[in-house]
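Bear in mind these aren't lab numbers, they're just calculated from the coordinates by the rules spelled out. Everything quoted here is computed from the prediction, not taken from an experiment. As a convention, Cβ positions derive from the backbone with ideal geometry for all residues, glycine included, and neighbour counts pool all protein chains shown.
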Amino acid sequence: MSLERLLASIPEGSDDAALARQIQPDRLPQHVAIIMDGNGRWAEQRHLPRVEGHRAGIQSVREVVETSARLGLEVLTLYAFSIENWKRPAAEVSVLMTLLRRYLRSELDTLIEHGIRFRVIGRADGLPTEVLEELREAEARTAVHRGLQFNIALNYGGRAEIVDAVKAVLAARVDPATLDEDRFSQWLYTAGQPDPDLLIRTSGEMRISNFLLWQIAYAEIYVTGTLWPDFRRRHLLDAILAYQKRDRRYGGIAPVVAQSTP
Ligand code: FPP
């Protein structure tokens, strides 16, 4: 069903259509999380200022969000700005915030059209007021939607998230005897959402970069050399196809393949 919706948006006979047809709709990852990396290198390769890489990366965001919604994924989380990213030059930080606001303004209608529910995860403290207001408005206007849950991780840090969750648990005077892994996860920013099944990182770096540390415990990791501004629908489909070939064991053993007796 969801594959048909995706195929309807892809030119018949194209390479992307051929890739999409290989996807097994009953084995989709529920939650895909992406570390969007390589914007600076993309710009440097073209002798452009770094911020041009971020600007170009917006088209990749659009394509990945729309493809995920059409495919029927439950959750997509994009890592847009880490707590550590404040160390970047003020001008670069300011461009990133402006791009985010512009993206929301220009894409809100598309998010609504696709029934996407938008959410920001991360620390609200420290974000410019005008950015926060627009983010909250986009959250409010899409809150009733039941389609793709689209999270943007902004001013986000995985360790900070765990510390925030512990503080909330203590403030609520939760009885330690009642606390287990499932209950604790309900205090995280992603409460109520399935953990990522597939974590994609672009630009070839083999790092987690403090992203969703609790939630990626059993995620399949897929690293591609493609730089984020070059990442398109076919790259997401490639990652999902690779995921569907993985044998997920969650610490157990591989299922025994039944053999016929001679
Ligand atoms: C990493 O590239 C990318 C970022 C820090 C920001 C990603 C942000 C966007 C694509 C734009 C806004 C996002 C949304 C969701 C609308 P890098 O600069 O670290 O690249 P490098 O490793 O090549 O230097």
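Structural remarks
- Prolate/oblate/rounded call for the stretch 41-165, Cα gyration tensor, a/c under 1.5 rounded: oblate
- Cut-off of 10 Å, at most 15 other beta carbons, DSSP loop: longest stretch of the chain lacking such chymotrypsin sites (Phe, Trp or Tyr not before Pro): 1-217
- Prolate/oblate/rounded label for the stretch 1-41 (Cα gyration tensor, a/c 1.5): oblate
- Eigenvalues of the alpha-carbon gyration tensor of the chain, scaled by 5 and square-rooted, set the equivalent ellipsoid semi-axes at 29, 26, 19 angstrom, largest first.
- Excluding exposed DSSP-loop trypsin sites (Lys or Arg not before Pro) (at most 14 other C-beta within 10 Å), longest clean stretch of the chain: 47-145
- Percent of C-alpha pairs per 10 Å bin, the stretch 96-183, short to long: 15, 38, 30, 15, 3
- For LEU127, LEU73, order by how many other beta-carbon atoms lie within 10 Å, fewest first: LEU127, LEU73
- Candidates LEU76, LEU188, LEU170, ranked by Gaussian network fluctuation over the chain, Cα under 10 Å, top entry: LEU170
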